[in-house]
1. Given the structure, is Ile249 surrounded by fewer than 19 Cβ atoms within 10 Å (Cβ to Cβ), more than 12 Å from the ligand (Cβ to nearest atom) and within 27 Å of Phe84 (Cβ to Cβ)?
2. Tell me, which strands (runs of 3 or more DSSP E) lie completely within region 5-75 with 2 or more residues that are surrounded by 23 or more Cβ atoms within 10 Å (Cβ to Cβ) and touching a His at 6+ places or on another chain (Cβ under 8 Å)?
3. In region 184-200, which residues are without any contact (Cβ under 8 Å) to a residue 60 or more places away in the chain and farther than 18 Å from Gly10 by Cβ?
4. Taking Val140 as the residue in question, decide whether it is of a type outside the set (Gly, Ala, Ser) and within 26 Å of His18 (Cβ to Cβ).
5. What residue, among those in region 185-234 that are near the ligand (Cβ under 8 Å from one of its atoms) and open to solvent by 30 Å² or more (accessible area, probe 1.4 Å), is modelled with the lowest pLDDT?
6. Hey, any hits in region 281-289 for a residue that's surrounded by fewer than 23 Cβ atoms within 10 Å (Cβ to Cβ) and β-branched (Val, Ile, Thr)?
7. For Gly269, only one of the following conditions fails: (1) within 30 Å of Ile177 (Cα to Cα); (2) open to solvent by 40 Å² or more (accessible area, probe 1.4 Å). What is its number?
8. Do we find that Asp242 is under 27 Å from Gly46 (Cβ atoms), within 13 Å of the ligand (Cβ to nearest atom), open to solvent by less than 30 Å² (accessible area, probe 1.4 Å) and of a type in the set (Asp, Glu) in this structure?
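The values are calculated or read from the model by the stated rules, or taken from the named source; none is laboratory data. Everything numeric here is computed off the predicted structure, so don't read it as measured data. Positions of Cβ are generated from backbone atoms using ideal geometry, with glycine treated the same way; all protein chains shown enter the neighbour counts. Please note that ligands, DNA and RNA were not included when accessible areas were found on the heavy atoms of the full protein model with its side chains. Shrake-Rupley method; radii C 1.70, N 1.55, O 1.52, S 1.80 Å.
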Amino acid sequence: MNKIKILVTGGTGYIGSHTVVELQNKGFDVVIVDNLSNSNIEVLEGITKITGVRPAFEQFNLCDTEKTKNFFKKHDNIVAIIHFAAFKAVGESVEKPLIYYRNNLDSLITILENIQSNSIKGLVFSSSCAVYGQPDELPVTENAPLKKAFSPYGNTKQIAEEIIADFISVNAGSRAIALRYFNPIGAHNSAFIGELPLGVPSNLVPFINQTAIGIREQLSIFGNDYNTPDGTCIRDYINVVDLAKAHVIAVERIIENKNKSNFEIFNLGTGNGASVFEIINSFEKVTGQKLNYKVVERRAGDIEKVFADTKLANDELGWKSEISLDETLLSAWNWEKFLRFKI
Ligand code: UD1
């Protein structure tokens, strides 16, 4: 039987690479498009080591409409697309808004045009809990009103969801699922793939790992005067392999016509909030490392607390996060050690 072919854009990136592994483990034929602007070609070796299969790979920018069109001519049997390719640094998006709007929205529009012209079944889209801003009620459900985005990055996710909704409403043959991720962390158990931040990481867990391994001197905790039990911000940290598995379920749902509506949206989180101190305590416990940190001023743009209501994803997708926070932080640490020392 012919394998079902899935295009994974941004497939050498952090969540993309973990999703490629899960797709290949389930027998899908994967082709990756990535321009390697924020990832490394060596990720393909990691994927191959884990799955025994080297995914097809093409390097180009999806904002390039000609190249994208030609790609779909060459790969004329793609059934569905998982679209990860996008810029994702919140701070950078504030500095360079047009680059974010151009890159994240142009590439999406090009993908949608090709879905239409190639009769592709549908799209799974990487969205973010950033669309909620600071929600009025927690845990936050998919029906919560979207607040004005805190950053151009968050705004690209809000606008992208609207573009998809408008497209789907006039293309009855196509379906889409937007997955709103909370805070993805951790790495594959094998430690052959994980997060590869370029330069100084802005996210908490990569910064913790790099501090513990000695690349950074000290972790700054951005504020301990929030209205939370220990004063630090609360997030819903979700294991990246759990997250990747939800993408496989979503793409199968599209392929098997199981959608309840042509455009569905799901939160992907654990449903539990953890504070910055809780993350540090868990990291120190499972790794035996003592972390050098100090509390500094709040970071501009941080929201106080957010965590997901996961009922919809639990009920409709039959998905829930399985890997504990402790295991997840250990996997991130094992990946960091592999990366630096190949151990
Ligand atoms: C942000 C975005 C999220 C995006 C993610 C990926 C928002 C609301 N969230 O998540 O959509 O997917 O980035 O880039 O825009 N912290 C420290 N010290 C550090 C780093 C972080 O104390 O050195 C704290 C932060 O203040 C925050 C928590 O750790 O409370 C998590 O921060 P981070 O990992 O950067 O993720 P978010 O800002 O939640």
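1. Numbers: surrounded by fewer than 19 Cβ atoms within 10 Å (Cβ to Cβ): no; more than 12 Å from the ligand (Cβ to nearest atom): yes; within 27 Å of Phe84 (Cβ to Cβ): yes.
So Ile249 does not fit the description; no.
2. Working: elements: 5-9, 29-33, 56-58.
Fully inside region 5-75 and qualifying: 5-9.
3. Filtering region 184-200 for residues without any contact (Cβ under 8 Å) to a residue 60 or more places away in the chain gives 197, 199-200.
Across region 184-200, the qualifying residues are Gly199, Val200.
4. Details: of a type outside the set (Gly, Ala, Ser): yes; within 26 Å of His18 (Cβ to Cβ): yes.
It is true that Val140 is of a type outside the set (Gly, Ala, Ser) and within 26 Å of His18 (Cβ to Cβ).
5. Ser202
6. Within region 281-289 (the criterion being surrounded by fewer than 23 Cβ atoms within 10 Å (Cβ to Cβ) and β-branched (Val, Ile, Thr)), the answer is yes, since at least one residue qualifies.
7. All conditions pass for Gly269, except number (2).
8. On the way: under 27 Å from Gly46 (Cβ atoms): yes; within 13 Å of the ligand (Cβ to nearest atom): no; open to solvent by less than 30 Å² (accessible area, probe 1.4 Å): yes; of a type in the set (Asp, Glu): yes.
Answer is no for this residue.
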